[in-house]
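Here is the structure we will look at.
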Amino acid sequence: MRVARRFTALSLPLLLALAACGSPAEEPAADQSSSTGEFPVTVADARGDVTIEEKPTRIISLSPSLTEILFEVGAGDQVVAVDEYSNYPPEAPTTDLSGFTPNVEAIADYEPDLVVLSDDSSDITEQLEKLHIPVLLLPAAEKLEDTFAQMELLGEATGNADEGIDAAEELRERMDAIVAEVVDDSAAGLSYYHEIDAQLYSVTSDTFIGQIYDLFGLVNIADEAEDPAGGYPQLSAEFIVEQDPDLIFVSYPGGVDDVLGRPAFATVTAVQQKNVVEVDADISSRWGPRVADFVEEVAEAIETARSE
């Protein structure tokens, strides 16, 4: 188990003063649950158990999704810096810090007492921990349950355990309600194609994005691709035309006009019925609390398609 400790210039004198004037009965019990807002707490990230000794008040997030989760669970006031792509919520303290090529010195300049990130390709976690900076590594969610779990974990790690539990439950209930209003026999069986970019890259049902569509019983044409490419295959125009999806979702600006203007797609059902929908690129690619907004966009597209 790794222990994440935070020390300030006042920590040792303060602890000595408390020990000198407090009686045994007044000493806090060790390992209190963070549901009561007390520390230390132990949570499990991608590498194992991490013990956080004190409630963090200077958090850095190097992941847009984790930034959104931190604010959703009530830890926004504790966040002092976020990476360059963390553009939501509006009050997030966006900086030029990079989550892809993080710079240890630049991060340390903010004097963080907790850094959360989703990628460790540059071994940044080890470098930060050598500087005694606590780190939580929470990779991209592979399934919806991962989103709920990360909400609860970050709530607990930041001293907002109850808020984390509530946020996860509210998100789950909202998504369930959206799906329940749409799913019936007329929705199940509709086929779709999700286009990430104009190069015809898509997603299979094994991806986090694909699982959102699965909630509605939609059929993903990319699942039939010969080379799934880890869940993100590049399809051919001929393949897409042959599969003839009922719905097309694009997650890049101008994608709708691009798809509708392709002569090769003229016979595709989704194009003929103009059931080509642009979904917000940030919302559809992040696994944070706005995943419910993505679910809502898909629901609206289904309702439009089956009313044709």
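The values are calculated or read from the model by the stated rules, or taken from the named source; none is laboratory data. These figures come from a predicted structure and were not determined experimentally. No Cβ is skipped: glycine too gets one built from the backbone with ideal geometry, and neighbour counts run over all protein chains shown. Side chains included, ligands, DNA and RNA excluded: accessible areas come from the protein's heavy atoms. Shrake-Rupley method; radii C 1.70, N 1.55, O 1.52, S 1.80 Å.
Overview of values
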quantity: Accessible carbon and sulfur surface of the chain relative to its total accessible area, %, 1.4 Å; calculated: 50 percent
quantity: For the chain, built as a Gaussian network whose Cα springs stay under 10 Å, the top-fluctuating residue of SER122, SER61, SER205; calculated: SER122
quantity: Exposed-loop-free span, longest in the chain, where chymotrypsin sites (Phe, Trp or Tyr not before Pro) count as exposed if DSSP calls them loop and at most 15 other C-beta atoms lie within 10 Å; calculated: 101-308
quantity: Sparsely packed trypsin sites (Lys or Arg not before Pro) within region 131-191, loop by DSSP, other Cβ within 10 Å at most 15; calculated: LYS143
quantity: Gyration tensor verdict on region 94-248 (Cα atoms; rounded if a/c is under 1.5, prolate if a/b is larger than b/c, oblate otherwise); calculated: oblate
quantity: Filtered GluC sites (Glu not before Pro), region 149-244: DSSP coil and at most 16 other beta carbons within 10 Å; calculated: GLU226
quantity: Antiparallel DSSP beta bridges within the chain, percent to nearest 5; calculated: 20 percent
quantity: Cα gyration tensor category, rounded, prolate or oblate, for region 178-290 with a/c compared to 1.5; calculated: rounded
quantity: Cut-off under 5 Å, modelled amide H: who pairs with TYR193 long-range; calculated: LEU247, ILE248, PHE249
quantity: Check: the chain dipole with +1 on Lys, Arg Cβ and -1 on Asp, Glu Cβ, in debye; calculated: 700 debye
quantity: Residue-normalised accessible area of region 134-229, expressed per residue, 1.4 Å probe, Å²; calculated: 42 Å²
quantity: For LEU136, distant residues with modelled amide H under 5 Å away; calculated: VAL115, VAL116, LEU117
quantity: Note, ³J(HN,Hα) from phi for region 202-212, Karplus 6.51, -1.76, 1.60, rounded to Hz, x at Gly and Pro; calculated: 9, 9, 9, 5, 7, 7, 4, 4, x, 5, 5
quantity: In sequence order, calculated HN-Hα J values of region 149-155 (Karplus, 6.51, -1.76, 1.60; Hz; x Gly/Pro); calculated: 5, 5, 4, 5, 5, 5, x
quantity: 3J(HN,Hα) from dihedral phi, region 238-248, Karplus parametrisation 6.51/-1.76/1.60, rounded to Hz, x for glycine, proline; calculated: 4, 4, 5, 5, 5, 6, 6, x, 6, 9, 10
quantity: Cα-derived Rg to Rh of region 228-308, Kirkwood definition; calculated: 0.98
quantity: Inter-probe distance in nm under a simple model that places probes 7 Å from Cα toward Cβ, at ASP197 and THR304; calculated: 2.5 nm
quantity: Amide H contacts of THR57 (H built 1.01 Å from N, under 5 Å, at least 5 apart or other chain); calculated: ASP113
quantity: Most mobile listed residue (ALA44, ALA81, ALA264) in the chain, GNM with C-alpha springs under 10 Å; calculated: ALA264
quantity: ASP96-SER121 FRET efficiency (beta carbon distance; Förster radius 22 Å; 0.05 resolution); calculated: 0.70
quantity: In nm, spacing of pseudo-spin labels at HIS132 and GLN273 (7 Å Cα→C-beta vector); calculated: 6.4 nm
quantity: The chain: relative contact order in percent, alpha carbon pairs under 8 Å with at least 6 residues between; calculated: 15 percent
quantity: Quotient of Cα Rg and 2.2 N^0.38 Å for the chain, N being how many residues it contains; calculated: 1.18
